[in-house]
């Protein structure tokens, strides 16, 4: 619509025999910028949209301990192997790595903003146990959740 409006302004100005070079120059400049933006936009395929939807679903449902690759691949209407391969291609991480990162990020936020126990935070963030949470946290950050909390609070 904006592109059509720019073209219309130029045509009207020329048609009325009142071309103002400054206004036409600005309009052409705007037209070129709009064209570059439109041409630069890459349309996402249905597959890319399905993978992004899956990543968004994990981001909003990270606390659900029953999230599984099978469930996520079914939501995306893809076979499990193909889903895992394409997820890694588009998100640069496996679904498990992506979910783990989201959960650890949520846990870090809770460690800094609440006084809840490590066990409660582990449960809130979808980890199967506090020990699994502590192990994953240490592997990711190099320190325990307790050390993280005391270091940054």
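What to note about this one:
- Scan of the stretch 60-70 for residues that are assigned to a helix (DSSP H, G or I) and either modelled with pLDDT of 95 or more or within 16 Å of residue 88 (Cα to Cα) (or both), ordered by number: 69, 70
- Residue pairs whose Cβ atoms lie under 7 Å apart, sitting 6 or more positions apart in sequence or on different chains, and linking a residue in the stretch 61-90 that is assigned by TED's automatic domain parsing to the domain that holds residue 125 and free of Cβ contacts under 8 Å to residues at least 40 places away in the same chain to a partner that is assigned to a loop (DSSP other than H, G, I, E, B) and loosely packed, with under 13 Cβ neighbours inside 10 Å, are 73/79.
- Residues in the stretch 113-144 that are exposed (fewer than 13 other Cβ atoms within 10 Å of the Cβ) and assigned to a loop (DSSP other than H, G, I, E, B): 6 in all.
- Between 100, 147, 110, the distinction of being part of a helix (DSSP H, G or I), surrounded by fewer than 16 Cβ atoms within 10 Å (Cβ to Cβ) and free of Cβ contacts under 8 Å to residues at least 60 places away in the same chain belongs to 147 only.
The values are calculated or read from the model by the stated rules, or taken from the named source; none is laboratory data. Note that the coordinates shown come from a computational prediction; the quantities given were computed from them, not determined experimentally. Don't worry about glycine lacking a Cβ; one is built from the backbone with ideal geometry, like all the others, and counts go over all protein chains shown.
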